[in-house]
Each structure stands twice: as C-alpha cells, then as structure tokens.
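The values are calculated or read from the model by the stated rules, or taken from the named source; none is laboratory data. Only a predicted model underlies this, so the values are computations on that prediction, with no experimental measurement involved. Every residue, glycine among them, receives a Cβ derived from its backbone with ideal geometry; neighbour counts consider all protein chains shown.
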Amino acid sequence: MKSSAIVECVPNFSEGRDLSIISAIEKSITSSGVSVLNTDPGKSTNRTVITFAGHPDQVIEAAFQAIKTASELINMRNHKGEHPRMGATDVCPIIPIRDISIEEAIEYSKKLAERVGKELNIPIYLYEYSATSSQRKNLADIRSGEYEGFSEKIKLPEWKPDYGPQELNLNSGATVIGVRDFLIAYNVNLNTNSVSLANEVAFDIRENGRPQRDPKTNKLLKDSTGEGLRTPGSCPSVKAIGWYIDEYRYAQVSMNLTNMSITPLHTAFEECRKSAEKRGLIVTGSELVGLVPKKALLDAGLYFLQKQKRSCGVPDSELIHIAIQSIGLNASSEFIPSKRIIEDMLEEKNNPLINLTLEKFANETASDSPAPGGGSVSAYLASLGASLSTMVANLSIHKKGYEDRYEEFNSAAMKGISLSTQLLHLVDEDTKAFNLIMDAFRLPKTSVEEKRARKKAIQAATITAIEVPIKTIETALQILPITELMVKQGNPNSISDAGVGALCIEAAVKGAALNVKINAATLDDVELKKMYFEKADKFIEACILSCKTIIDEVNRNII
C-alpha cells in the first residue's frame, strides 16, 4: 500500500443535540492528526455524522478514539431519536478513496473492530465488504431490533458478535464496523414542478426500475412465488426517487450512487437526460450533496472531453472544471472543489510545496533551510519535461490534418499529464524523506538501547531517501518515449519544446541520481551501497543515450 493511501471514515454517533459531546468527539479525532471534513448533527434524529479522512493508520486510530469518547459520554439507556440505532457509535463505515484496495481496507476494519471489542468491551459486528456471513452484509439486518431489543438478540448463536463480549454493553450498546463503497448523494434538476414526472425519470434509471403492469387491466404482475415483477432501470447500483424542492421551485431526481465504478456520476446524469428528453423535459443542472471523491469528477471530465474529441491530457483542475460545467453543478449553488472534493480538502496539508507559487517555491529553495533541495528540484524539473511533451501532444491533437491520429496523440497526452502529476507529488515526497532522516537523528541516544534504535531508524530513513529519487528517475524515464514520438511525428512547430523537455528530463535524472548516491554513501551495508551506486550510473547512462537521440532529431528537423 502506498504512503499516499487515503480512506474516509463516516461514523454515526447517537447524539445530535448536546454540542459539548459532539465537540469532544471531534477533538478526539483531530488529536489523532486527522482532518475533520464535515460534521452534520441532527436534532430530531438525535444523531451526528462526522466525516474525516487521511492515511489508514491515522484514520483507524482516530476512529478508535472517537468510539472511545462516545462510549464515555453517551448513555444509550437515555437515548431517544427518530433514526434507527443500536449503539453510542452506531455504525462506523470505512471507505477506500485512493491508493488502497478493498482487501487492504478490510484488514484495517478488522483491526479497528478487534481493538474496540477488546479494549472498550463493546460488541462489534462486521458488515458490507467486511461481513463474515451473508446475513451480516446489510446494516439494517444487523441493527434490526435496535438497542432496546439487542439484549436478547445478541444471545442467539447466529447473532454472536464478531468481536467483543456476547452481551450488550448497556451503556454503549453495540457497534457495526466495515468497509463499503463511497456513496454519492446526487440530485438532477428538471424544468418541471411535477413530482410524478420526476418519478418517471427515476423509475427509468434506478436499478430497481419500475413494477410491471398488465397493459389491459393495469394490475401489477407477479411471478409464481407472488413476488412483483419489475423492469430494471438503466443504472445498476443506483437508488432514485423523484421529489419537489420548495426552496428551488423545481423537481429533482434524487439519487444514491452506491458504486461509482458500476454507474459513475456522468452516466447517471446522461441517463437522466435521455429519460427526461423522452418526456419533453430538460435537465437544467445537478447538485452533489456532501463530499465526493476526486475520481468521480475526473472521470466525468474525461467522458465529456472524449465526446468532444478534445485532448484528455489536461490537468486535474481542468477536468474538474469541465465536469462542473457539463453536469451543471453550479445550477443550485456554487460548487467549490476545495470544499467538496475529499482529496482537495487534504491536499494543502499533505503537499505544501506543490501548492506554492513559482516565486515562493524558488524563494523557499533559496532559503537557509536544507529542504527543499536537489531531490525536490529534480522532481520538479522532470515534471516540467513531462508537461512540455504533453503540450506538444495536445497541440498535435488540435492541429488541422491530424484528426485521424486523435487516439494516438490523446493517449500520449493523457500518459504525459499523469506522469507530470506523479512527479509533482514526488517534489514533496523527497522533502518528506529528508525530514524523516532529520527526525531520526533527533532521537535520544543516552542508553545503548536508544543508540541501537536511533541507528536503525537513521538507516531506514536513509533507504526511504534513496528510494524516492529512484522513483523520480523511473517515472522521468517513462516520459522519453512520448518525447521522442512528439519530436518525430508531433506538431513540427513545437519540436523545440519537446527538445527542451528532453533536456529537463536529462538534468532531472542526473540530479536525482546524485541524491541517490549521497544518501547511499552513508549506508553501513557495503553491498547495498554498491548496488545503489551502480543503479544510479545505469540510469544516467540510459538517459543520456535516449536524450541524445531526441536532441539530434530535433536539430536535424530544425535545420
């Protein structure tokens, strides 16, 4: 699992009225080094949903502390509310967001569940992807009977908790923990105030579809078991209903997208649009409720650019802008990506360097601080090289006479912008790696044991500081085939730009290789040190050869 892995956690607490308790739970989360992205208390439901996200290790620790605080401050004996519930922390979903698999997330959910059950003496049930049996997959099935009925339910063999005691914690109740897909709450606006028409669109698109009726009698049709027959809708993993919003004075199709890999955001929008048009309706925009993963909007941006036969090799910010415009996310209220996209809300904290202006980055590099240094600058140089090759690919896509090569150049542009983005993140990763070494050197060294632990930490941090510039080199070298393609077959008016890109890559690889060597020189393992030196030299040799081929080609074409 990558260090850039992000999971979201959305625990539901059985308290929505006492702000001091809600605040204490929030504090227990942020004290674990995790950002709280949203807190949504409900008075009538007497329930609060808190959203936070970050690296899985931090999120699991924060979740434990939040569950612990809730168990200390919420007494389920006194709880009343409209929403079904079974515990002080009723349910604690964990949602993979970036660079983590479902399987890896499940292991984290089990780790959390085991710790809560053992240390807090709370019965724990695993659900959704983490479920240990089919009857425990659905939250509603587990929670059936609620807090008041759980003292007896928990004694049944089929409802033995996955972790914790087989008796209800009368103060804290029981808790459900598990991994689920990200649920996107999404509403599409219609130019009508008719709820019935909005429902017709909802029936067309939702997975459950619409009931089948006898065309002659209009009676509902049933199968041999008495179950009602239904015509499935066009969007699997989508729940939908039509409603009227008095505030907006128009009807909407209100949807829950439960698996965006099956039905992505743009597909739900397009299917609503097609259904609406059949009924003489117009889709006038849409709105997202709550937070959304960046991928949902990036995929939407790619979809609409491909429909237009435009280059998809553009920065994430441009893809997001295209998505917002295409599905009308500003129609109901202003959609501000930095406040609605999970990764963007975490970006500034996790990647301070790449969020600097060019001037500030240059000034920060020039300061008396040793970081950012040569490694970060090398990664930035490589990113610029990738950006120049991407630029030439984009100019080739849109050049008259090159229309039949759209797929080829678009593929090159998409790969180029992806590599550029990866290298930008390595700008910060290199500085983080240097800081790890500094942190290791600051460890205490009074006792023999402390000295041993300190030395081990320094060596481990040094390996990290070597592997990051190696990653920079390996990523940078992937750009050169794109650069060569642009020099040989791309827009001839921009051939020099591709050449400058190659020179950036050469300088970046040489610079990153120097970082590999200076860090490897401090290793105690002589063979490992030798291996890293040889690897760095081979990288330089391969890069010089490729770049010379490219620059020679540029010079031949310019002459």
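General remarks:
Conditions tested, residue by residue: (1) within 21 Å of L265 (Cβ to Cβ); (2) surrounded by fewer than 22 Cβ atoms within 10 Å (Cβ to Cβ).
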position	(1), (2)
E167	no, yes
G178	no, no
L197	no, yes
V201	yes, no
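Rundown of residues vs (1) closer than 23 Å to I106 by Cα; (2) without any contact (Cβ under 8 Å) to a residue 24 or more places away in the chain, yes/no style:
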position: V10; (1), (2): yes, no
position: S20; (1), (2): no, yes
position: A24; (1), (2): no, no
position: N46; (1), (2): no, no
position: A53; (1), (2): yes, no
position: Q58; (1), (2): yes, no
position: T69; (1), (2): no, no
position: T89; (1), (2): yes, no
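- Within region 70-108, the residues that satisfy the criterion of being under 16 Å from the mean Cα position of the chain (by Cα) and in a strand (DSSP E or B) are P93, I94, I95, P96, I97, R98.
- Just so you know, in region 280-292 the residues that are farther than 21 Å from S237 by Cβ and touching a residue at least 24 places away in the same chain (Cβ under 8 Å) include one that is surrounded by the fewest Cβ atoms within 10 Å (Cβ to Cβ), and it is I282.
Here's the yes/no breakdown for (1) of a type in the set (A, V, I, L, M); (2) more than 28 Å from the chain's Cα centre (by Cα); (3) surrounded by fewer than 14 Cβ atoms within 10 Å (Cβ to Cβ):
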residue	(1), (2), (3)
L220	yes, yes, yes
T263	no, no, no
C272	no, no, no
K278	no, yes, yes
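- Residue count for region 162-190 satisfying the condition of being in contact with a Phe, Trp or Tyr (Cβ under 7 Å, 6 or more places away or on another chain) and more than 30 Å from I100 (Cβ to Cβ): 4.
- Pairs where the first residue, in region 541-559, is assigned by TED's automatic domain parsing to the domain that holds N491 and the second is among the hydroxyl-bearing types (S, T, Y), C-beta under 6 Å, 6+ apart: I550/T483
- Neighbours by Cβ (under 7 Å, 6+ apart or cross-chain): first from region 422-448, under 21 Å from Y380 (Cβ atoms) and among the aromatic types (F, W, Y); second buried (at least 20 other Cβ atoms within 10 Å of the Cβ) and at pLDDT 90 or above: F434/A465
- Some residue of region 508-520 being touching a Gly at 6+ places or on another chain (Cβ under 8 Å), closer than 14 Å to S387 by Cα and in the same structural domain as I550 (by TED's automatic domain parsing): yes
- Any hit, region 127-141, residues being part of a strand (DSSP E or B), touching a Phe, Trp or Tyr at 6+ places or on another chain (Cβ under 6 Å) and farther than 30 Å from L329 by Cβ: no
- One residue stands out in region 36-69 among those that are surrounded by fewer than 19 Cβ atoms within 10 Å (Cβ to Cβ) and among the hydroxyl-bearing types (S, T, Y): the one that is farthest from the chain's Cα centre (by Cα), namely S44.
- Put simply, of G385, G375 the only residue that is at pLDDT below 95, buried (at least 24 other Cβ atoms within 10 Å of the Cβ) and of a type outside the set (F, W, Y) is G375.
- Of all residues in region 46-54, at least one satisfies being touching an Asp or Glu at 6+ places or on another chain (Cβ under 8 Å), within 16 Å of D90 (Cα to Cα) and not in a strand (DSSP E or B).
- Restricting N171, N208, N138 to those that are surrounded by 14 or more Cβ atoms within 10 Å (Cβ to Cβ) and within 30 Å of T263 (Cα to Cα) reduces the list to N208.
- Exactly one residue among K68, K43 is farther than 29 Å from D428 by Cβ and in contact with a helix residue (DSSP H, G or I) (Cβ under 8 Å, 6 or more places away or on another chain), and that residue is K68.
- Output for region 307-332, where each listed residue is surrounded by fewer than 13 Cβ atoms within 10 Å (Cβ to Cβ) and farther than 20 Å from P293 by Cβ: K307, Q308, K309
- For region 309-364, the set of residues classified as in a loop (DSSP other than H, G, I, E, B), touching a helix residue (DSSP H, G or I) at 6+ places or on another chain (Cβ under 8 Å) and among the hydroxyl-bearing types (S, T, Y) consists of S311 only.
- Of the residues making up region 409-416, at least one is of a type in the set (D, E, K, R), surrounded by 14 or more Cβ atoms within 10 Å (Cβ to Cβ) and either in the same structural domain as L523 (by TED's automatic domain parsing) or under 27 Å from the mean Cα position of the chain (by Cα) (or both).
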